[in-house]
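Taken together, the values in this text are just the output of simple stated rules run on the coordinates, not laboratory data. Note that the structure is a prediction, hence the values are computed from the model and not measured. So basically every Cβ, Gly included, is an ideal-geometry build from the backbone, and we count neighbours across all protein chains shown.
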């Protein structure tokens with residue numbers, strides 16, 4: 001009889017995309033390991049993201065936010081006082097993430113990046129993570145069927161991802177768009193062991209900046 005992990009590996013996984021936020025509920029499907037709301041950001045939101053990315057003294061902010069009540073972004077991220085459209089958007093996403101997974105608390109990271117934070121392809125040992133890029137290049141990812149998972153981590157034998165055989169060719173690498181709201185299923189989502197979404201931070205030019213928001217579970221949920 002096949003082990004549970006072997007059964008999970010044998011099942012196909014896919015990424016699903018949609019123009020409405022409802023598509024994010026597709027993450028509950030067993031055959032989906034990434035759901036992406038492909039939205040367009042308004043001019044005001046883009047302008048504020050550009051302005052914030054150039055502000056000195058602010059690089060990364062981690063905090064815990066309540067998702068049980070109306071999110072208080074002003075209190076959690078006081079440096080966004082002058083950026084009302086960013087505040088409103090983050091509050092909306094916090095509320096949506098909390099409702100979708102019935103969470104009381106979430107872990108939030110909001111960062112201006114000048115280099116690739118996680119340059120190698122990897123999977124996360126978490127249930128699920130929300131990622132959206134307000135400015136700069138979006139997250140790189142690999143379709144499930146394109147990955148040789150034995151080459152992840154120490155399995156690369158000291159070779160870089162391009163040489164290890166992790167994926168067939170550069171043509172298999174996909175990239176999320178700025179504004180995309182993506183839910184990436186991790187290894188700790190029940191029934192998803194061995195099928196977490198393989199992803200990495202995109203490479204960046206020396207003068208490039210990237211404004212990234214991510215959420216993680218911090219209270220029990222039942223996916």
Inset, instruction - Answer yes or no as to whether residue 34 is within 16 Å of residue 136 (Cα to Cα) and within 15 Å of the chain's Cα centre (by Cα). - result: no
Inset, instruction - Return the only residue of 188, 177, 183, 166 being part of a loop (DSSP other than H, G, I, E, B) and in contact with a helix residue (DSSP H, G or I) (Cβ under 7 Å, 6 or more places away or on another chain). - result: 166
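The rows are residues; the columns are (1) farther than 20 Å from residue 17 by Cβ; (2) in contact with a strand residue (DSSP E or B) (Cβ under 9 Å, 6 or more places away or on another chain).
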residue	(1), (2)
156	yes, no
163	yes, no
181	no, yes
217	yes, yes
Inset, instruction - From the list 191, 186, pick out the single residue that is on the phi > 0 side of the Ramachandran plot and either surrounded by fewer than 19 Cβ atoms within 10 Å (Cβ to Cβ) or in contact with a strand residue (DSSP E or B) (Cβ under 7 Å, 6 or more places away or on another chain) (or both). - result: 191
Legend entry - The lone exception for residue 207 - which of (1) without any contact (Cβ under 8 Å) to a residue 60 or more places away in the chain; (2) under 24 Å from residue 44 (Cβ atoms) it fails: (2)
Legend entry - Single unsatisfied condition, residue 104 versus (1) in contact (Cβ under 8 Å) with a residue 24 or more places away in the chain; (2) touching a strand residue (DSSP E or B) at 6+ places or on another chain (Cβ under 9 Å); (3) within 28 Å of residue 41 (Cβ to Cβ); (4) surrounded by fewer than 19 Cβ atoms within 10 Å (Cβ to Cβ): (3)
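Condition first: under 14 Å from residue 129 (Cα atoms) and free of Cβ contacts under 8 Å to residues at least 40 places away in the same chain. Now tell me which residues in segment 87-98 satisfy that. Please lay out each step first, then the result.
Of the residues in segment 87-98, the ones under 14 Å from residue 129 (Cα atoms) are 93-94, 96-98.
Within segment 87-98, just 98 meets the criteria.
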Inset, instruction - Answer yes or no: is there a residue in segment 144-155 that is more than 30 Å from residue 98 (Cα to Cα), in contact (Cβ under 8 Å) with a residue 40 or more places away in the chain and part of a loop (DSSP other than H, G, I, E, B). - result: yes
